[in-house]
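Chemist: If you scroll down you'll find the structure; I have some questions about it.
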Amino acid sequence: MQRITHNTWLGLGVIAFGGLLLGVAIPLGISSPSNVRALVLSPTFWPSIIACLLVVLGVLIVAVDAMTPREAGQEAADKPGDEEAGQAGALMRLAAMALMMVGLVVAIPYLGMVWACLVGFVVFSVIVRVPRPLLSLVVAVLLPLLLYAFFAHVAGVAVPQGELINLP
């Protein structure tokens, strides 16, 4: 019998989280009016899509891990080097992400959603040490601006503006 690996547990956790979102959190936590004119503008549409993607990705993680051949005594997550140093770095990045998320929530009323998310994306890229920082900077600038243009001018949805900077 094959031993359950870290990746299998990760996949099962992702499936459980997606199922919890679909079954409990979205129906109970997000109210959706019955007179929404387009399905994609419903408040429950995109959270449901993300939860479904989580379930699918969890299934894929479990399936790939189950199909990966293993030698006797081999663990799925063999890590070269010092494991304690890796865990300390991971905990520091996790703490930095938590601090960045709190900063994002605090900054939105002052900067607006577009500019705060732009800064948040740049900080996120630094925290996770992206391999292509220039590409990440381009995406950090273009993605919030394009999303703002779509939602504000095409979909007619009000995007929160800040006290300091307002977009047209």
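Chemist: Considering the options Pro109, Val122, Val24, tell which one lies farthest towards the positive end of the dipole of the chain, charges being +1 on Lys and Arg and -1 on Asp and Glu at the Cβ, about the Cα centre.
Modeler: Of the listed residues, the answer is Pro109.
Chemist: For the residue pair Ala95 and Arg132, what label-to-label distance in nm results when each label sits 7 Å from Cα along the Cα-to-beta-carbon direction?
Modeler: 3.3 nm
Chemist: Can you give the extra length, in nm with one decimal, that the chain gains between Ala152 and Val139 once fully stretched, where that is 0.36 nm per residue apart less the Cα-Cα distance?
Modeler: Numbers: separation 13, 0.36 × 13 = 4.68 nm, distance 1.93 nm.
So the chain would gain 2.8 nm between Ala152 and Val139.
Chemist: Per 0.36 nm of contour for each residue apart, how much would the distance between Val106 and Glu163 grow if the chain were fully extended, relative to their Cα-Cα spacing? Could the numbers behind the result be given before it?
Modeler: Details: separation 57, 0.36 × 57 = 20.52 nm, distance 1.25 nm.
Gain in length upon complete extension: 19.3 nm.
Chemist: For the chain, rounded, prolate or oblate, judged on the Cα gyration tensor with a ≥ b ≥ c (square roots of eigenvalues), a/c < 1.5 rounded, else prolate if a/b > b/c? The partial results should precede the final answer.
Modeler: Details: a/c = 2.54, a/b = 1.46, b/c = 1.74.
Note, shape of the chain comes out oblate.
Chemist: Find how many whole Å separate the alpha carbon centroid of the range 95-166 from the alpha carbon centroid of the range 5-47.
Modeler: 23 Å
Chemist: So what is the calculated 222 nm ellipticity per residue for the chain, using -39500 (n - 2.57) for each DSSP H run with n of 4 or more, over all residues, to the nearest 500 deg cm²/dmol?
Modeler: Working: 6 runs with 104 residues, N = 168.
Calculated at 222 nm, the ellipticity per residue is -21000 deg cm²/dmol.
Chemist: For Ala88 and Leu60 in one chain, what is 0.36 nm times their gap in residues minus the Cα-Cα distance, to one decimal in nm? Could you put the intermediate results ahead of the total?
Modeler: Numbers: separation 28, 0.36 × 28 = 10.08 nm, distance 2.87 nm.
That pair, Ala88 and Leu60, stretches by 7.2 nm at full extension.
Chemist: At a Förster distance of 35 Å, what's the computed FRET efficiency of Leu39 paired with Arg70, Cβ-Cβ distance as r, to 0.05? Could the numbers behind the result be given before it?
Modeler: Numbers: r = 44 Å, r/R0 = 1.26.
Calculated transfer efficiency: 0.20.
Read the figures in this text as sums done on the coordinates, not as results from a lab. Note that the structure is predicted; figures quoted are calculated from it, not measured. In this analysis, Cβ positions are derived from the backbone assuming ideal geometry, glycine residues included, and neighbour counts consider all displayed protein chains.
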